[in-house]
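The next block holds one structure in the form of C-alpha cells; read it before the comments.
The values are calculated or read from the model by the stated rules, or taken from the named source; none is laboratory data. All values reported here derive from a predicted model rather than from experimental measurement. Neighbour counts run over all protein chains shown; Cβ positions are idealised from the backbone, glycine included.
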Amino acid sequence: MIDLNYTEKKDTRSGFGDGLTELGRTNPNVIGLCADLTDSLKMGTFKKENPDRFFQMGIAEANMMGVAAGLTIGGKIPFAGTFANFATGRVYDQVRQSIAYSDKNVKICASHAGLTLGEDGATHQILEDIGLMKMLPGMTVINTCDYNQTKAATLAIAEHKGPVYLRFGRPSIPVFTPADQKFEIGKGIMIKEGTDVTIVATGHLVWEAMIACNTLEEQGISAELINIHTIKPLDEEIILNSVKKTGKIVSCEEHNKFGGLGESISRLLTEKYPVRQEFVAVNDSFGESGTPAELMKKYGLDASAIVEKVKKLTA
C-alpha cells in the first residue's frame with residue numbers, strides 16, 4: 001500500500017514562487033516577468049528582493065514573450081509567468097516564432113491550468129496547452145504534481161539550456177514528494193511497483209492515482225504507478241520496462257485526451273511495444289464552472305475514474 005498519510009497541503013504555484021525566490025538569491029541572471037498576475041503566480045517575494053530584475057509587463061502577454069526572448073540574447077534567464085491559457089493560446093505565435101524557432105532560453109511558467117482552476121470556468125481552464133507546447137520543436141514540457149516537485153523543477157529548469165514550458169496550478173494538494181528528491185528533466189519516477197497494470201500519471205492526477213492504487217490493491221489488483229513529470233522529452237525507458245511486465249497501461253492527466261501525455265504514450269507503444277491502453281483525460285470538451293472536486297468527478301479525472309479504467313483493462 002502507498003502511504004497517503006500526508007497532512008501538509010500546498011498549492012503548486014507556491015512551489016514555483018519559492019523556487020523562483022531561491023533562484024533570485026543564487027543566480028544573478030534570473031529575471032522575472034509577469035503579465036499583471038504577480039500575486040497569483042506567487043512572484044511577489046522575488047519582486048521585493050530583486051526590484052531591478054522584475055518587470056511587470058501588464059496585460060500584454062505577447063509583448064512579454066518578445067521581451068523574454070530578447071533578454072536571453074544578453075545571457076539572462078527570463079522566467080515569464082502568467083495563467084496557462086494566456087501563456088499558450090493567447091501568445092502562440094510569439095512563442096513559436098520568437099522563442100521555439102529561435103531556440104531562446106526562456107522559461108514559460110504557467111499557472112491555473114486545467115479543471116482544478118474551478119469556478120473561473122471554461123474560458124480559463126485550458127485543457128489543450130500541453131498539446132500546443134509539446135508540438136513545438138525543442139520545447140521541454142513539464143507538469144508537476146505537488147509543491148516540492150514544482151519548487152525542484154523551477155530550480156532545475158534554470159540550469160537547462162533551451163525553452164521550457166512549466167505547468168502548475170492553484171489548488172492546495174498534499175505534499176507527498178520528498179523535499180530532497182532530485183528533479184531530473186526527462187526522467188520518470190517509480191512510485192509503486194506492481195504486476196497487473198501500469199498507471200502513468202502527471203500533475204494533479206498523480207495524487208489521485210496514488211489513491212486509486214490503494215483501492216485496487218484492496219481489490220486484489222497489483223498496479224505499478226509511475227509519475228511522469230516531464231511530458232517532453234518522455235521517459236520512454238521507464239514506460240516500456242513497465243508495460244513489458246504488466247501488458248497494459250492507463251494514462252492519467254488533467255488535459256484533453258487529444259494532444260496530451262496519453263497520446264505521447266500511444267505513439268511510443270505503437271512504435272515499440274503495442275499493448276492495450278485506457279485514457280483518464282477530458283474527452284474532447286471544454287470545462288465549466290464548479291469546485292475542483294466536482295469537476296474532477298464529473299469529467300472522470302478522480303481516483304474512482306482511474307479504478308474504473310484499470311478494471312476495464314483487467315476484467
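Side notes on the structure shown:
- Residues in region 130-151 that are buried (at least 24 other Cβ atoms within 10 Å of the Cβ) and touching a strand residue (DSSP E or B) at 6+ places or on another chain (Cβ under 7 Å): 130, 133, 141, 142, 143, 145, 146, 147.
- Of all residues assigned to region 27-41, at least one qualifies as being assigned to a loop (DSSP other than H, G, I, E, B) and within 30 Å of residue 210 (Cα to Cα).
- Failed item, numbered, when residue 275 is tested on (1) buried (at least 18 other Cβ atoms within 10 Å of the Cβ); (2) in contact with a Gly (Cβ under 9 Å, 6 or more places away or on another chain): (1)
- Listed by first and then second residue, the pairs with beta-carbon distance under 6 Å, at least 6 apart or on different chains, first residue in region 196-210 and at positive phi, second surrounded by 24 or more Cβ atoms within 10 Å (Cβ to Cβ), are 203/143; 203/145; 203/254.
- Selection of region 189-229 for residues being closer than 19 Å to residue 147 by Cα and part of a loop (DSSP other than H, G, I, E, B) yields 202, 203, 204, 228, 229.
Residues are listed down the side, and each one gets a yes or a no for (1) among the aliphatic types (A, V, I, L, M); (2) modelled with pLDDT under 95; (3) within 22 Å of residue 142 (Cα to Cα); (4) part of a helix (DSSP H, G or I):
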position	(1), (2), (3), (4)
267	no, no, yes, yes
281	yes, no, yes, no
293	yes, yes, no, yes
312	no, no, no, yes
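- Only a single item in (1) of a type outside the set (Lys, Arg); (2) part of a loop (DSSP other than H, G, I, E, B); (3) touching an Asp or Glu at 6+ places or on another chain (Cβ under 8 Å); (4) closer than 24 Å to residue 290 by Cβ is not met by residue 138, and it is number (4).
- Filter result for residue 275 (more than 17 Å from residue 247 (Cα to Cα) and in contact with a strand residue (DSSP E or B) (Cβ under 6 Å, 6 or more places away or on another chain)): no
- Only residues that are closer than 17 Å to residue 164 by Cβ and of a type in the set (Asp, Glu) were counted in region 179-198, giving 1.
- When region 153-172 is limited to residues that are surrounded by fewer than 22 Cβ atoms within 10 Å (Cβ to Cβ) and in contact with a Phe, Trp or Tyr (Cβ under 9 Å, 6 or more places away or on another chain), the one that is farthest from residue 239 (Cα to Cα) turns out to be 172.
- Residue within region 53-68 that is free of Cβ contacts under 8 Å to residues at least 40 places away in the same chain, in contact with a Ser or Thr (Cβ under 6 Å, 6 or more places away or on another chain) and more than 25 Å from residue 183 (Cα to Cα) present: yes
- Residue 26 vs. criteria free of Cβ contacts under 8 Å to residues at least 12 places away in the same chain, closer than 30 Å to residue 174 by Cα and hydroxyl-bearing (Ser, Thr, Tyr): yes
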